[in-house]
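**Q** Starting off with a structure, shown below.
Since every read-out is calculated from the coordinates, none of them should be taken as a lab result. Since we're looking at a predicted model, the values are computed, not measured. Cβ placement follows ideal geometry from the backbone for every residue including glycine, while neighbour counts extend to all protein chains displayed.
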Amino acid sequence: MEPGMTQWQSVAAELERSAGRAIEFAQRSGAEGTRVEVEAAESSTVTVTNRVQTERSFRGTFEMTITVVRDGKRAFAKSSDLSNDGLRKIVDAAIENTAATEPDPAAGLADSLELAKVFPELDLYHPLDWSLDDIGAHAQRAEDAALAHGPSIKASKGVTVRTVSGVSLLATSGGFSATTPWSAHSIACAPVAFGAGEKQIGFWSDTSRAFDDLATPEEVGAVAARRAMDALGATQIPTQLCPVLFEASASVELLSELVSLASGDALDRGGSFLKGGIDSPVFPPHVQLREDPFIRRGMASRCFDSDGIPGLRRAVVEDGRLKGYFLGLYAARRLQLTPTGNGYGPHNLELSSTQARPGDDFTAMMRRLHRGLVVTQMVGGGVNRLTGDFSRGAKGFWVENGEIRFPVGGITIASNLRQMFGGVQAIGSDAITRRWATSGSWLIDAMKIGGV
Amino acid sequence: MSDVKQARAMNPARENVLTLARAALLDRHAVDETALFSALGIALGQRGDFADIFLKETAAESWSLEGGTVRASSYRCDAGFGLRVLNGEEATLASSQRIDATSLRHVALQLRGTGSGTHSFRTPTSACMQTSSAGLCYGPAHPLETMDGVRKIALLKTLDEIARATDSRVIDVHAVLSAVHETIWVARCDGMSSGDVRPMLSLWINVRVKSGARVESASGGIGGRYGVETWSDQELRAFVGARVQAALTKLESRPAPAGKMTVVVGPGWNGVLLHEAVGHGLEADGVRRGTSAFAGRLGEKVAGANVTIVDDGTLLNGRGSLNIDDEGYLTRRTTLIEDGVLRAYMQDALSARMMGMEPTGNGRREGYASLPLPRMTNTFMLNGDYEPEEVIGSVRSGIYVSGLEGGQVDITSGQFVFEASEAYLIENGKITAPVKGATITGHGPDTIRNISMIGNDLACDRGRATCTKAGQSIPVGVGQPTLRVDEMTVGGTA
């Protein structure tokens with residue numbers, strides 16, 4: 001480490017030198033444009049299962065991805081070997097592969113006008129300097145809380161606490177070079193409740209940039225245990241059409257379907273029914289979706305994407321109408337649209353309703369549901385993005401007169417995403433954040449339940 | 001179905017594979033067995049009761065065709081090792097991407113330094129290389145080098161042309177050819193030291209068709225542990241033709257029914273149903289922890305007398321086959337359920353030790369930085385007595401599933417879920433109208449009891465299954481004959 005530098009700055013300086021050499025090798029081998037992404041990360045993970053630390057691991061990783069453009073053709077190569085020989089090997093592989101592929105008008109690097117010029121401080125780097133024993137003790141607190149939550153919690157599939165910190169670098173032959181230090185910490189808990197001839201698993205987790213922002217292990221353990229216990233005695237319900245309330249943890253998954261449909265990859269490949277859908281009504285007019293790449297400590301905050309293009313603070317859905325796609329440079333060029341800085345995916349998204357009131361918590365949402373299905377978790381199944389056809393397995397509760405009557409499992413829920421998005425009656429104020437998605441619960445007017 | 005002995009007898013070149021693996025992972029990095037066993041000894045310290053080291057080198061390449069052209073390729077290489085120490089059930093793993101004697105010692109000291117207790121050097125009892133008389137389940141082909149980029153692109157273009165020539169409603173073809181060449185070496189503190197060279201070639205295709213305003217697609221894949229020369233023209237034509245037909249059929253599909261009904265599941269790839277419904281629940285980690293719905297039921301009758309399910313890591317060139325598993329144990333054929341009786345679980349070294357059973361060659365890991373877990377290899381059900389037509393003919397009203405996707409299981413509750421992406425109605429014993437994709441859900445232990453008829457048309461999938469567990473993805477094989485399952489829940493909209 002050079003004097004006066006923090007550890008990440010010293011790593012970043014080393015990565016910059018490696019990236020510079022890779023770019024030099026590629027340009028000398030005939031590339032007209034070269035882009036290099038490097039990620040260096042260190043992670044420590046402990047999983048506690050029934051009071052034993054069944055996984056204690058630490059790993060340090062380097063990975064470089066190089067993209068070369070030569071004669072208008074593009075090739076990628078990836079390696080963990082940042083020695084000169086290692087860099088030459090992947091540069092040669094990429095250059096050689098451009099000889100075989102066909103010219104691609106969308107292949108080039110970003111224009112300098114498109115590149116990020118300002119780099120706001122996003123406060124993403126809060127490494128945790130704990131030993132595996134410390135991390136294990138933290139995980140054990142969550143498992144203890146789960147096991148203490150009720151007599152039916154007799155085992156656990158594990159509590160995993162993971163802490164990762166690293167440095168990402170993007171450099172191009174055009175002179176762009178920027179490093180981003182980052183960290184991510186997570187806790188996930190999966191206790192098992194035992195009933196009469198049945199077992200049910202509960203799952204709860206949290207993720208944060210700074211360890212202090214993470215939900216306490218006691219909270220995660222208790223919520224996971226409650227979810228397992230609440231599912232005991234789950235039964236199928238009759239096949240029927242009924243309204244469905246998606247708990248916030250399930251509604252963020254529906255939001256991710258919207259993102260997939262509006263992403264450059266699906267649009268470019270013609271694999272989305274939202275192609276050509278800008279300005280068309282996707283949700284009812286009360287629904288709003290905002291994206292903000294610049295939230296301090298946000299799990300999906302970044303100053304620029306894989307091509308150095310900054311994201312936007314913007315409305316993705318305004319008054320129910322789709323206002324924008326999620327486009328990286330390549331897909332944008334293929335679609336002849338302007339890139340939105342989403343080459344690494346969506347940034348922090350928040351779904352809201354102009355009709356939501358502060359008191360619209362989950363209990364209030366169940367009163368609005370009145371009689372129907374609450375979905376707490378979806379499993380497997382599939383979504384056809386070409387047609388919007390939606391059919392997945394689900395578990396949750398049956399609600400009558402606004403109150404939970406009994407747990408439900410082993411059923412399917414089906415509809416079409418166009419109808420589901422269009423049928424969002426209300427969005428709760430019970431918002432949670434999972435990765436890049438923040439949403440409250442969704443009340444959807446009608447879905448087909450497959451049961452007995 | 002290839003017989004174990006036959007598969008091994010056909011490949012008598014095990015010594016050659018060991019030489020290749022040793023050259024790639026040990027000799028090239030100036031590491032020898034003395035360095036490996038010294039690292040194991042340091043890592044064991046006083047606290048550990050088992051240690052192993054896993055070295056792996058990977059080179060992978062893929063070519064992708066869309067819109068009739070191959071616009072991109074990718075290449076990836078990686079190498080590293082993971083050192084694991086067990087203390088009872090407690091597993092500690094540290095890994096490095098630098099393979100050399102210094103790094104081995106550094107990682108070993110890191111491991112020795114964790115946890116409590118006093119440490120003293122303990123040398124392994126013996127350090128002899130495992131030489132087995134067993135043959136190979138696949139040879140050391142190098143699918144990256146057996147064919148250059150130009151030929152690989154030509155192959156993809158041929159697929160595109162075949163698909164477009166099959167029907168004018170084909171509007172696009174997306175095809176990806178992937179080649180992987182892996183070399184591994186494992187050394188255990190009990191003195192075992194061995195290696196393997198693992199080729200993998202796979203071809204995935206998605207065909208999109210359009211009629212009027214309606215667009216549908218169908219996808220599928222073939223692959224296995226071999227070089228590209230294994231695919232004949234005729235085979236490729238049949239493979240692409242079947243995907244075009246599946247997509248065209250979907251253009252005519254109507255909404256699927258909803259509710260509980262009889263489902264006939266077609267042969268081959270649909271063995272993923274058994275993989276999810278039964279297979280995961282028979283992996284020993286969930287069993288010994290009591291979190292699997294099949295825990296503690298060895299010797300019990302769990303299915304009808306006609307049901308026999310095996311896991312076989314030795315199928316010739318199979319996608320899930322391994323010459324040795326990732327803990328250095330020879331793979332084998334394990335009968336999991338025999339004539340309806342639960343006979344065995346799939347074991348890795350740790351679970352086998354904890355349960356007082358033999359390892360079954362099912363210890364697998366995604367890479368050097370992941371812990372081994374008990375995992376499936378090639379898992380399939382053996383034939384029953386019925387002609388497939390008899391199975392379908394027995395159903396008055398239900399659905400016939402020819403293609404499944406998106407499987408998932410919760411081994412604790414036993415509940416599993418699939419998407420029937422290619423399915424038809426069965427009316428009065430006949431396959432009639434195609435239906436849209438619908439979720440199928442069931443309870444694993446109930447589902448195998450509800451298998452009421454088994455066809456005599458066992459087929460193993462030709463190689464597209466990838467299984468993910470605890471965040472680790474590995475290739476597997478699946479297979480089954482035509483099955484009639486009563487009382488499954490189908491999630492259509494009609």
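**Q** Expected output is a single nm value to one decimal: the length gained when fully extending between residue A:312 and residue A:9, i.e. 0.36 nm times separation in residues minus the C-alpha distance. What is it? Can you show the working numbers first?
**A** Working: separation 303, 0.36 × 303 = 109.08 nm, distance 2.74 nm.
Separation in residues times 0.36 nm, less the Cα-Cα distance, equals 106.3 nm.
**Q** Between residue B:245 and residue B:154, what is the label-point separation in nm under the 7 Å Cα-to-beta-carbon projection?
**A** 2.9
**Q** Magnitude of the Cβ-charge dipole of chain B, K/R +1 and D/E -1, about the Cα centre, nearest 20 debye? Intermediate values should be presented prior to the final figure.
**A** Details: 50 positive and 56 negative charges, 132 e Å.
I would put it at about 640 debye.
**Q** Once you charge only the Cβ atoms, +1 for Lys and Arg and -1 for Asp and Glu, what is the size of the charge dipole of segment B:4-251 about its Cα centre, to the nearest 20 debye? Please list the in-between numbers first.
**A** Working: 28 positive and 26 negative charges, 101 e Å.
It comes to approximately 480 debye.
**Q** Please give the charge dipole size of segment A:7-230, origin at the Cα centre, charges +1 on K and R Cβ atoms and -1 on D and E Cβ atoms. Round to the nearest 20 debye. Walk me through the intermediate numbers first.
**A** Details: 22 positive and 32 negative charges, 108 e Å.
For this selection, approximately 520 debye.
**Q** Now for a different question. Convex hull over the Cα atoms of segment A:328-411, averaged projected area in nm²?
**A** Values: hull surface 34.6 nm².
So the mean shadow area of the Cα hull is 8.6 nm².
**Q** Along the charge dipole of the protein assembly as shown, Cβ charges K/R +1 and D/E -1, which of A:82, B:83, A:158 sits furthest on the positive end?
**A** Toward the positive end, the furthest listed residue is A:158.
**Q** From the phi of every residue in segment B:269-276, what ³J(HN,Hα) in whole Hz does the Karplus formula 6.51 cos²θ - 1.76 cosθ + 1.60 yield, where θ is phi - 60° and glycine or proline is x?
**A** My calculation for segment B:269-276 gives 3, 5, x, 4, 4, 5, 3, 7 Hz in order.
**Q** Specify the inter-centroid distance of segment A:350-418 and segment B:47-106, based on alpha-carbon positions, in whole Å.
**A** When both Cα centres are located, 41 Å separates them.
**Q** Can you give the log10 of the normalised intensity I(q)/I(0) at q = 0.10, 0.16 Å⁻¹, computed with Debye over equal Cα scatterers of segment B:258-491?
**A** -0.42, -1.06
**Q** Could I get the Rg over Rh figure for segment B:238-327? Both from C-alpha atoms, Rh via Kirkwood, rounded to two places. Before the final figure, lay out each step's value.
**A** Working: Rg = 18.2 Å, Rh = 17.2 Å.
Across segment B:238-327, the Cα-based Rg/Rh ratio is 1.06.
**Q** Based on the mean of other beta carbon atoms within 10 Å per residue, what is the order of A:184-190, B:309-315, most packed first? Working shown, then result.
**A** Numbers: A:184-190: 23.3, B:309-315: 26.4.
Answer by packing, highest mean first, reads B:309-315, A:184-190.
**Q** In whole percent, what relative contact order does segment B:402-494 give with Cα contacts below 8 Å and a gap of six or more residues?
**A** Working: 160 pairs, mean separation 22.6, N = 93.
In percent, rounded to a whole number, it is 24.
**Q** Karplus couplings for segment B:402-410 from phi (6.51 cos²θ - 1.76 cosθ + 1.60, θ = phi - 60°), rounded to Hz, Gly and Pro as x?
**A** 9, x, 10, 9, x, x, 7, 9, 9
**Q** Fewest first, what order do B:174, A:347, B:142 take by the number of other Cβ atoms within 10 Å? Present the calculation step by step, with values, prior to reporting the outcome.
**A** Numbers: B:174 20, A:347 25, B:142 14.
The fewest-first ordering by Cβ neighbours comes to B:142, B:174, A:347.
**Q** Only Cα pairs under 8 Å and at least 6 apart count here; give the relative contact order of chain A as a rounded whole percent.
**A** On the way: 1160 pairs, mean separation 64.5, N = 452.
After rounding, I find 14 percent.
**Q** When Cβ neighbours within 10 Å are restricted to other protein chains, what is their mean count per residue of peptide A:129-139? Write down the numbers at each step before the final one.
**A** On the way: counts 0, 0, 3, 4, 3, 0, 0, 2, 0, 0, 0.
For this peptide, the per-residue mean of nearby foreign Cβ atoms is 1.
**Q** At q = 0.18 Å⁻¹, what is the log10 ratio I(q)/I(0) for segment A:42-195, with the Debye formula run over Cα points and no solvent?
**A** Ignoring solvent entirely, the Cα scatterers give -1.05.
**Q** Suppose R0 equals 45 Å. What FRET efficiency, 1/(1 + (r/R0)^6) with r the Cβ-Cβ distance, do residue A:297 and residue B:142 give to the nearest 0.05?
**A** Values: r = 47 Å, r/R0 = 1.04.
Rounded to the nearest 0.05, the efficiency is 0.45.
**Q** Right, another one. Could you tell me the convex hull volume per residue, in Å³, taken over the Cα atoms of chain B? The partial results should precede the final answer.
**A** Numbers: hull volume 72.0 nm³, N = 494.
Convex hull of Cα atoms, per residue: 146 Å³.
**Q** Taking neighbour Cβ counts within 10 Å as the exposure measure, how do A:156, B:211, B:194 sort from fewest upward? The partial results should precede the final answer.
**A** Values: A:156 28, B:211 14, B:194 23.
Taking fewest neighbouring Cβ atoms as first place, the list is B:211, B:194, A:156.
**Q** Taking 20 °C and 1.002 mPa s as the conditions, I'd like the Stokes-Einstein D for chain A in µm²/s, using the Kirkwood hydrodynamic radius from alpha carbon pairs.
**A** Details: Rh = 24.1 Å.
Roughly 89 µm²/s, to the nearest whole number.
**Q** Can I ask one more? Which one of A:311, A:427, B:104 has its Cα pushed farthest toward the positive end of the charge dipole of the protein assembly as shown, where Lys and Arg give +1 and Asp and Glu give -1 at the Cβ?
**A** Most positive-ward Cα: A:427.
**Q** Spelling out what I want: for every residue of segment B:277-289, take phi, set θ = phi - 60°, compute 6.51 cos²θ - 1.76 cosθ + 1.60 (Karplus), and round to whole Hz; glycine and proline get x.
**A** Running phi through 6.51 cos²θ - 1.76 cosθ + 1.60 with θ = phi - 60° gives 5, 10, x, 4, x, 9, 7, 5, 5, x, 6, 5, 8 Hz.
**Q** What is the extension gain from residue B:354 to residue B:396, computed as 0.36 nm multiplied by their sequence separation minus the C-alpha to C-alpha distance, in nm to one decimal?
**A** Numbers: separation 42, 0.36 × 42 = 15.12 nm, distance 4.85 nm.
Contour length minus Cα-Cα distance gives 10.3 nm.
**Q** Using 0.36 nm per residue, how much length does the chain from residue A:102 to residue A:17 gain when fully extended, once their Cα-Cα distance is taken away?
**A** 27.5 nm
**Q** Mind checking B:251-263 for the average number of partner chain beta-carbons within 10 Å of each residue's beta-carbon?
**A** 3
**Q** Counting alpha carbon pairs within less than 8 Å and at least 6 residues apart, what relative contact order, in whole percent, applies to segment A:106-200?
**A** Numbers: 118 pairs, mean separation 28.2, N = 95.
Computed over segment A:106-200, the figure is 30 percent.
**Q** Can you find, among A:169, B:247, A:214, the residue farthest towards the positive end of the dipole of the protein assembly as shown? Put +1 on the C-beta of Lys and Arg, -1 on that of Asp and Glu.
**A** Of the candidates, B:247 comes out farthest on the positive side.
**Q** Got a sec? Which residues in segment B:403-417 would a label at residue A:253 touch, if it sits 7 Å along Cα→Cβ and we count backbone N under 13 Å?
**A** Inside the label zone: B:407-410, B:416-417.
**Q** Does the protein assembly as shown classify as rounded, prolate or oblate by the C-alpha gyration tensor (a ≥ b ≥ c root eigenvalues; a/c under 1.5 gives rounded; else a/b over b/c gives prolate, otherwise oblate)?
**A** Working: a/c = 1.19, a/b = 1.08, b/c = 1.10.
It is rounded, given that a/c, with a ≥ b ≥ c, falls under 1.5.
**Q** In whole Å, how far is the Cα centre of segment A:207-242 from that of segment A:23-82?
**A** Measuring centre to centre over Cα atoms gives 34 Å.
**Q** What residues have an amide H closer than 5 Å to that of residue B:337, excluding those fewer than 5 places away on the same chain, when H is modeled at 1.01 Å from N in the peptide plane?
**A** Answer set, sorted by chain and number: B:309, B:343.
**Q** Given a Förster distance of 30 Å, report the FRET efficiency between residue A:216 and residue A:404 from their Cβ-Cβ distance, rounded to the nearest 0.05.
**A** Numbers: r = 26 Å, r/R0 = 0.87.
E(calc), rounded to 0.05, equals 0.70.
**Q** Sticking with this structure for a sec: If you add up the charges near residue B:223, with Lys and Arg at +1 and Asp and Glu at -1, over every other residue whose beta carbon is less than 10 angstrom from its beta carbon, what do you get? It would help to have the intermediate numbers written out before the result.
**A** Details: positive: B:225, B:319, B:462, B:464; negative: B:461.
That works out to +3.
**Q** Which links in A:395/B:260; B:210/B:250; B:250/B:469; A:275/B:436 stretch past 20 Å when you go from one Cα to the other?
**A** Details: A:395/B:260 16 Å; B:210/B:250 10 Å; B:250/B:469 31 Å; A:275/B:436 22 Å.
Long pairs (Cα-Cα over 20 Å): B:250/B:469; A:275/B:436.
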